[in-house]
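Take a look at the structure set out below.
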Amino acid sequence: MAAAGIVVIFDFDKTIIDCDSDNWVVDELGATELFNQLLPTMPWNSLMVRLWFLVFHDRMMKELHSQGIRIEDIATVLKRSPIHPRIIEAIKSAHALGCDLKIVSDANTFFIETILEHHGLKECFSEINTNPGFVDEQGRLRIFPHDDFTKSSHGCQHSSCPPNMCKGIVIERIQASLSMEDQKKTIIYLGDGLGDFCPTLKLGDGDYVMPRKGFPVWDLICNNRKLVNAEICEWSDGEEFENVLFHLISRIISIDRNNTSAKMGQLYSVDCKLETMPLPVATGHEAFPQALPVLH
């Protein structure tokens, strides 16, 4: 396929969907009051804020279940989450062209897969890296951290990475896997949040990052441009998302074709030189080899 050499990696919240999925579920289920009641019971601090939020959200799901909120109710709310129609079409078209699409998100598997399935997008993605979320035997939604900071650290010291997940480490693993393939791959990374800065720093020359303009990762990139090796191409809304993404895909395909043509041209040139290489000109008695004497 034309775009087989392109890997597009997406954040999810406020990138594919236009909201924070955690907050969306709480608000749409009318659980804001419950949220505020449980909030003071959690041991918040600046370092553990995201990890505790996941623990808190898991507890929220238990409380909602005890109040009669079913998993079907949560799924119905998720299916209403805002997503720009041009983003849906962009994902489907990129997949049809042969791009390898992946998600690296600090949401959770249940939220992401429910939304993707609703819009017919799940099969477009080869990989979803996020916090585990599943329905237990009692029908309750359980959510756990990608990396359990209470047991061991993921090892990244970057201040923009929450303790439950370093997206930069995930990107390095993807890059290591891609390096084992014969065809060189070009990465396009799309994101909006603080956690999308570390993976941006892992991208190399020839890769592209698409930060959402006006969001935290955009500010970090603007203030640290010298640290970013990838080409920066910002976007603001669903229409720009689609336009910028396909501009980059077209550019990469064109570059790959030109490189392939150049290599083929070099090979053809060598073949032609071999075919047209002149033989040494023989003159006089050197024109034919001398006959061997025959013994009688």
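For this structure, a couple of remarks:
- With the biggest extent put first, the Cα atoms of segment 6-253 measure 53, 37, 34 Å across the principal axes.
- Charged-residue dipole, Cβ positions (Lys, Arg, Asp, Glu), segment 6-253 about Cα centre, Debye nearest 20: 420
- Rg/Rh for segment 100-213, where both radii come from Cα atoms and Rh is the Kirkwood radius: 0.98
- Each Lys or Arg adds one and each Asp or Glu takes one away; over the other residues whose Cβ falls under 13 Å from the Cβ of residue 199, this sums to -2.
- With the charge dipole of segment 6-253 set up from +1 on Lys and Arg Cβ and -1 on Asp and Glu Cβ about the Cα centre, the Cα lying farthest toward the positive end among the listed residues 87, 168, 238 is that of 168.
Quick note: the coordinates plus some simple rules give every number you see, no bench work behind them. Just so it is clear, the model here is predicted, and its values are computed rather than measured. Methodologically, a virtual Cβ is constructed for each residue, glycine included, from the backbone with ideal geometry; neighbour enumeration extends over all protein chains shown.
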